[in-house]
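> A single structure is presented below for examination.
The values are calculated or read from the model by the stated rules, or taken from the named source; none is laboratory data. This one's a predicted model, so the numbers in the text were calculated from it and none came from an experiment. Here the Cβ positions follow ideal geometry from the backbone for every residue, glycine too, while neighbour counts run over all protein chains shown.
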């Protein structure tokens, strides 16, 4: 594959409010933590894998990848996780996936990368039909100063940030189900019993 090396990051830094305040990435789906499912799918697509987590760091480290906490305090959301990954990444491109989407596509990074390079974009974001999924993105490490300034201004909205960059949205309509995420205990139970 003739492309620059890519760092992947599993975003597991949230508070899991909609799941009752538990660490979502460590909740089990079919007997394995959701983060393990995401790692299994994302790791083969990247050259380095990081886990962004702000609690239970030893448990996340047991997955065998470096854990990077947010640099921005106060559980500032997925952009803070991307910021931490861009700050720690060994490679010029960073791909993100959330810990609560265990079915992500096996060709996620390849498709995002192809579009990023074809459009000379700063950021490629997955989209299904009319719905963008900014937590599934590939971006250039050079956007870090821009993102730092945005977060330091108090902003947290992913969509508002990437609207200020050269962004390409990449259609994944053919695998829309791969972007289902598990936010609540009811959803977790539904997917757990669907197997």
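> Kindly provide the set of residues from the range 112-157 that are within 18 Å of residue 8 (Cα to Cα) and part of a helix (DSSP H, G or I), ordered by number.
112, 113, 114, 115, 116, 117, 141, 142, 143, 144, 147
> Test of understanding: among 109, 94, which residue is part of a strand (DSSP E or B) and buried (at least 22 other Cβ atoms within 10 Å of the Cβ)?
Only one candidate qualifies: 94.
> Still on this structure, please answer the following. So, in the range 7-54, of the ones that are part of a strand (DSSP E or B) and more than 13 Å from the chain's Cα centre (by Cα), which residue ends up modelled with the highest pLDDT?
48
> Can you say whether residue 141 is at pLDDT 95 or above and under 19 Å from residue 47 (Cβ atoms), as far as the supplied structure shows?
Yes, satisfied.
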